[in-house]
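Attaching a single structure in structure tokens format; questions to follow.
The values are calculated or read from the model by the stated rules, or taken from the named source; none is laboratory data. Bear in mind the structure is a predicted one, so any value in this text is a computation, not a measurement. Note that we place each Cβ from the backbone using ideal geometry, even for glycine, and neighbour counts take in every protein chain shown. Quick note on the areas: whole protein, heavy atoms, side chains included, nothing else; ligands and nucleic acids left out. Shrake-Rupley method; radii C 1.70, N 1.55, O 1.52, S 1.80 Å.
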Amino acid sequence: MKLYETAIAPNPRRVRMFLAEKELLDQVEFVEIDLLKGENRTAEFAARNPMKKVPVLELDDGSHIAETMAICRYFEAAYPDTPTLLGDTPYEKALIEQWLRWIEFYFFMPTGMCFQHSTGYFKDRMKPIPEWGEECRKNIISFMEFLNSQLADRDYLCCNRFTAADINAFTTVEFARVVQIRVTELEMPHLADWYQRIKGRSSASV
């Protein structure tokens, strides 16, 4: 299998961390795509994913799967004997899904919007609106405060163990550094402790 990705981008990193936790990194060949050069906007890449985004998983039969969580769900289902990250029981599956939705909508998306509208990184293909970037910055910090309160009496976000929810939250915290938001500089001790705990996992360095 091949995973078309941009190593520094947060979505591919979520997949790599997921694969590392499931001990599946050796099952995939990683193919770097240069977003700044527009390699994701070529006809060749669009044939793999018409949305022209990374990551994209190419299976051995030549078929493709796009979107981070769709790829993660494929590996969770295809390799059931590896550590589960999306839940074992119906309740765990639902609870992790709840957290994945919260993180996606209230944390990852504002962080992405803040990056796009504050840095001008993609100004050649979109019109940045600095005011929207600043509003998203406020929403990022607000959700971090929510995470801090939720982690006051637990080591992980849910299910009393490490899950995909922790992966998605951790990689978003890391992503927020590009817009100059760092957990270590905020008065959020529970979130800071959790961040260091996840950062200490070997999968956090892949």
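Give the number of residues within region 32-61 that are of a type outside the set (D, E), assigned to a loop (DSSP other than H, G, I, E, B) and within 23 Å of Q116 (Cβ to Cβ). Show your work before the answer.
Within region 32-61, the first condition is being of a type outside the set (D, E), and the residues that meet it are 33, 35-38, 40-43, 45-57, 59.
Those left that are additionally assigned to a loop (DSSP other than H, G, I, E, B): 33, 35-38, 42, 49-55, 59.
Those still in the list that are within 23 Å of Q116 (Cβ to Cβ) too: 33, 35-38, 42, 49-55.
Counting residues in region 32-61 that are of a type outside the set (D, E), assigned to a loop (DSSP other than H, G, I, E, B) and within 23 Å of Q116 (Cβ to Cβ) gives 13.
Quick check on E21: is it out of contact with any strand residue (DSSP E or B) (no Cβ under 7 Å at 6 or more places or on another chain), over 24 Å from T111 (Cα atoms), touching a residue at least 12 places away in the same chain (Cβ under 8 Å) and surrounded by 19 or more Cβ atoms within 10 Å (Cβ to Cβ)? Spell out the reasoning first.
On the way: out of contact with any strand residue (DSSP E or B) (no Cβ under 7 Å at 6 or more places or on another chain): yes; over 24 Å from T111 (Cα atoms): yes; touching a residue at least 12 places away in the same chain (Cβ under 8 Å): yes; surrounded by 19 or more Cβ atoms within 10 Å (Cβ to Cβ): yes.
Here the answer is yes, as E21 does meet what is asked.
With the checklist (1) of a type in the set (K, R); (2) at pLDDT below 95; (3) under 18 Å from R16 (Cα atoms) in hand, flag the one item K53 doesn't pass.
(2)
Sticking with this one: So if I check each of F122, F162, F107, which one is part of a helix (DSSP H, G or I) and not polar (S, T, N, Q)?
F107
Could you list, in sequence order, all residues of region 120-141 that are among the aromatic types (F, W, Y), within 23 Å of K37 (Cα to Cα) and open to solvent by 80 Å² or more (accessible area, probe 1.4 Å)? Steps first, answer last, please.
So in region 120-141, the residues among the aromatic types (F, W, Y) come out as 121-122, 132.
Applying the additional criterion that residues be within 23 Å of K37 (Cα to Cα) yields 121-122.
Of everything in region 120-141, just one residue is among the aromatic types (F, W, Y), within 23 Å of K37 (Cα to Cα) and open to solvent by 80 Å² or more (accessible area, probe 1.4 Å), namely Y121.
Still on this structure: Which numbered condition trips up H117, out of (1) open to solvent by less than 60 Å² (accessible area, probe 1.4 Å); (2) closer than 30 Å to L25 by Cβ; (3) of a type outside the set (F, W, Y)?
(2)
Go through the residues of region 42-50 one by one and say whether even a single one is open to solvent by less than 30 Å² (accessible area, probe 1.4 Å) and within 15 Å of A169 (Cα to Cα).
Looking only at region 42-50, we keep the residues that are open to solvent by less than 30 Å² (accessible area, probe 1.4 Å), and these are 45-46, 49.
Going one step further and asking which of them are within 15 Å of A169 (Cα to Cα), we end up with none.
The answer is no; no qualifying residue exists.
Can you spot a residue in region 73-87 that is exposed (fewer than 12 other Cβ atoms within 10 Å of the Cβ), more than 17 Å from R13 (Cβ to Cβ) and of a type in the set (S, T, Y)?
no
Before we move on, is I167 among the β-branched types (V, I, T) and open to solvent by 30 Å² or more (accessible area, probe 1.4 Å)?
It is false that I167 is among the β-branched types (V, I, T) and open to solvent by 30 Å² or more (accessible area, probe 1.4 Å).
Go through (1) closer than 30 Å to F146 by Cα; (2) of a type outside the set (A, V, I, L, M); (3) not in a loop (DSSP other than H, G, I, E, B) for P83 and report which single condition fails.
(3)
Something else now. So if I check each of R182, R161, which one is free of Cβ contacts under 8 Å to residues at least 12 places away in the same chain and either open to solvent by less than 10 Å² (accessible area, probe 1.4 Å) or under 22 Å from I8 (Cα atoms) (or both)? Give the derivation first.
Values: R161 fails: either open to solvent by less than 10 Å² (accessible area, probe 1.4 Å) or under 22 Å from I8 (Cα atoms) (or both).
Answer to the selection: R182.
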